[in-house]
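Engineer: I am attaching a structure below and will ask some questions about it afterwards.
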Amino acid sequence: MSQEEKQILVADDEEVMRTLIRDILTRYGYKVLMASNGNEALEIYRNKTNDIMLVILDLFMPNMNGEETFKEIRTINPDAVVLFTSGLSHSNKFKELIASGAKGIIPKPFIVSEFMRIVRQVIQSHLT
C-alpha cells in the first residue's frame with residue numbers, strides 16, 4: 001500500500017469534533033477512519049494496522065480513554081504513530097505520554113493551520 005493510500009484514524013467521543021477533524025483532514029487529501037471511543041479505535045486499528053499511518057486520540061473518552069487506547073495500540077504495533085488531542089491542560093500527563101512514545105499533543109480548541117502543521121510534521125518526520 002502506497003503512502004497516499006494510507007489512512008488516519010481519529011478517535012474522539014464528541015461527534016462534532018470527530019466530524020470537524022475528518023473534514024479538515026479530508027480537505028487536505030487524507031483518508032480518515034473514525035471511532036467514537038477507545039474500544040472502537042482499538043478494533044479498527046487491529047483490523048487495519050497496515051493501512052493506518054497516524055492515530056489521533058482524544059485524551060479523555062469514556063470507557064477506554066486515550067492513554068489506555070494508546071498503550072493497547074502500542075502492544076499491537078510498537079511503532080504506531082500517535083498524536084493526542086485534549087481540551088484540558090495536563091502538562092505532566094502530556095510529558096508522560098511523550099516519554100511513552102506519543103508524537104505530540106494538539107490542544108483544543110485548535111487553529112486549523114496549526115493542527116495541520118503538526119499533523120504534516122509528524123507524518124513527514126516519522127513516516128517517510
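Engineer: Return the residue satisfying two criteria in turn: it lies in the range 22-38 and is part of a helix (DSSP H, G or I) and touching a residue at least 40 places away in the same chain (Cβ under 8 Å), and of such residues it is surrounded by the most Cβ atoms within 10 Å (Cβ to Cβ).
Structural biologist: In this case the residue turns out to be 25.
Engineer: Consider only pairs whose beta carbons are under 7 Å apart and that are at least six residues apart or on different chains; among these, list those whose first residue lies in the range 39-58 and is more than 25 Å from residue 107 (Cβ to Cβ) and whose second residue is assigned to a helix (DSSP H, G or I).
Structural biologist: Every condition considered, the pairs that remain are 46/76; 49/76.
Engineer: Condition first: outside any helix (DSSP H, G or I) and crowded, with 20+ Cβ neighbours inside 10 Å. Now tell me which residues in the range 1-21 satisfy that.
Structural biologist: 8, 9, 10, 11, 12
Engineer: If you don't mind, another one. Of all residues in the range 79-128 being of a type in the set (Lys, Arg) and at pLDDT 95 or above, which is surrounded by the most Cβ atoms within 10 Å (Cβ to Cβ)?
Structural biologist: Taking the candidates together, the pick is 103.
Engineer: Pairs please, first residue from the range 59-71 and without any contact (Cβ under 8 Å) to a residue 60 or more places away in the chain and under 20 Å from residue 109 (Cβ atoms), second anywhere and of a type outside the set (A, V, I, L, M) and in a loop (DSSP other than H, G, I, E, B), Cβ atoms under 6 Å, 6+ apart in sequence or on different chains.
Structural biologist: Going by the 6 Å Cβ cut-off, the qualifying pairs are 61/13; 61/37.
The values are calculated or read from the model by the stated rules, or taken from the named source; none is laboratory data. Quick caveat, the model's predicted, so the values are computed rather than measured. Cβ: placed from backbone, ideal geometry, glycine included. Neighbour counts: every protein chain shown.
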